[in-house]
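Below: the structure, in structure tokens.
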2 protein chains.
Amino acid sequence: MARAATTSDVYNAIAEPRRRAILELLCEAERAVNDVADELDLDQPSVSKHLRVLREVDLVNVRRDGRRRLYSANADALRPVHEWVTMFERFWSRQLDAIQTRAEARAKRRRRRRNKERR
Amino acid sequence: MARAATTSDVYNAIAEPRRRAILELLCEAERAVNDVADELDLDQPSVSKHLRVLREVDLVNVRRDGRRRLYSANADALRPVHEWVTMFERFWSRQLDAIQTRAEARAKRRRRRRNKERR
DNA sequence: TTGACACATACCGATATCGGAATATATTAA
DNA sequence: TTAATATATTCCGATATCGGTATGTGTCAA
């Protein structure tokens, strides 16, 4: 056996940087193949092939519009990856941690709110 | 050019399911190579090779202990992946969403707290 | 109907993978 | 020193990738 197919898994599909770039683009708004190619400076066959991989793992949806095909991101398919990576959150080093920072921001907001209510 | 090296990226490194399994194991506690092999039912050379990939992308640390080598996970290296995937959180469908649920739990706690303060 | 446009697919070459088996290296124990 | 243990590395074959180029398919417009 060789390396797993890129289409075997969301993990394998997003291992390719251009496919990640395509996904970032497509979650803003749906786009035609050539628009993606132009915006990312790739050639059309390459984009078509990457989109095929993304479609096979359900990371994008397609819709026909005349002679064009409009692709959009299906962010839901990334949730398993998010969940897997999140398992490790509690093992991250705490200093200058984004979570920590966000938690502090929340606490600050809470304090402010309480002070306001007290006055 | 062919597919990117597995060692070129954390994304490529974690695309392989056995490497993810190894990481899950190593974040609990450091382990020797053969222990990993036993627990995951893999053979030793395979584990050594996977660990080499994980080490090259800084996902694990090694420590010598006599004739053994104790590997441990470096969860921090997963943070870029977490951040990238989290970008898509706001595009997830909202119904039965874990985030939603957690947000609601937070809101409930806040309400309870406020009520307590009011009494 | 023909031509232009948008996109998908097929083919090629170079490359890196992964599993498996064999072997090399390093450390401890006898 | 020698044997045993723990781990790393090397070699092999089969396979799938990715970029590039060429070509196929389908749709609209004149």
Checklist outcome for this item: Note, B:Tyr71: beta-carbon cut-off 15 Å, +1 each Lys/Arg, -1 each Asp/Glu, net +3
Checklist entry - Which ³J(HN,Hα) values, rounded to whole Hz and listed in residue order, are derived for the range A:75-90 from phi using the Karplus coefficients 6.51, -1.76 and 1.60 in 6.51 cos²θ - 1.76 cosθ + 1.60 with θ = phi - 60°, glycine and proline given as x? => result 4, 3, 5, 8, 4, x, 5, 4, 5, 5, 5, 5, 3, 8, 3, 6
Item to check | Karplus-derived 3J(HN,Hα), 6.51/-1.76/1.60, for each residue of the range B:26-41, Hz, glycine and proline x | outcome: 6, 7, 6, 6, 5, 9, 7, 3, 5, 5, 4, 4, 5, 5, 9, 6
Next on the checklist: Suppose R0 equals 30 Å. What FRET efficiency, 1/(1 + (r/R0)^6) with r the Cβ-Cβ distance, do A:Glu83 and A:Arg52 give to the nearest 0.05?
Outcome noted: 0.70
Item to check | Label-to-label distance, nm, for residues given as A:Arg67 and B:Ala5 (7 Å Cα→Cβ offset) | outcome: 4.4 nm
Next on the checklist: Report the gain in length on full extension from B:Glu28 to B:Gln44: 0.36 nm times residue separation, minus Cα-Cα distance, nm rounded to one decimal.
Outcome noted: 3.7 nm
Checklist outcome for this item: For A:Val60, other-chain or 5+-apart residues with amide H closer than 5 Å (H placed, Pro excluded) are A:Arg55, A:Asn74
Checklist entry - Can you work out ³J(HN,Hα) from phi for every residue in the range A:9-20, in order, using Karplus 6.51 cos²θ - 1.76 cosθ + 1.60 and θ = phi - 60°, giving whole Hz and x for Gly and Pro? => result 5, 5, 4, 5, 5, 8, 6, 8, x, 5, 5, 5
Checklist entry - Per q in 0.14, 0.16, 0.27, 0.28 1/Å, what log10 I(q)/I(0) does a Debye calculation on the alpha-carbon atoms of the range A:1-61 return? => result -0.35, -0.46, -1.19, -1.26
Checklist entry - What residues qualify as long-range amide H neighbours of B:Ala32, i.e. H under 5 Å apart, gap of 5 or more or another chain, H built at 1.01 Å from N? => result B:Tyr71
Checklist entry - Closest approach to the A-B rotation axis by any Cβ of A: residue and distance in angstrom? => result A:Ala15, 2
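No value in this document is a laboratory result; all are computed from the given coordinates. In this text, all values refer to a predicted model and were calculated from it rather than measured experimentally. Positions of Cβ are generated from backbone atoms using ideal geometry, with glycine treated the same way; all protein chains shown enter the neighbour counts.
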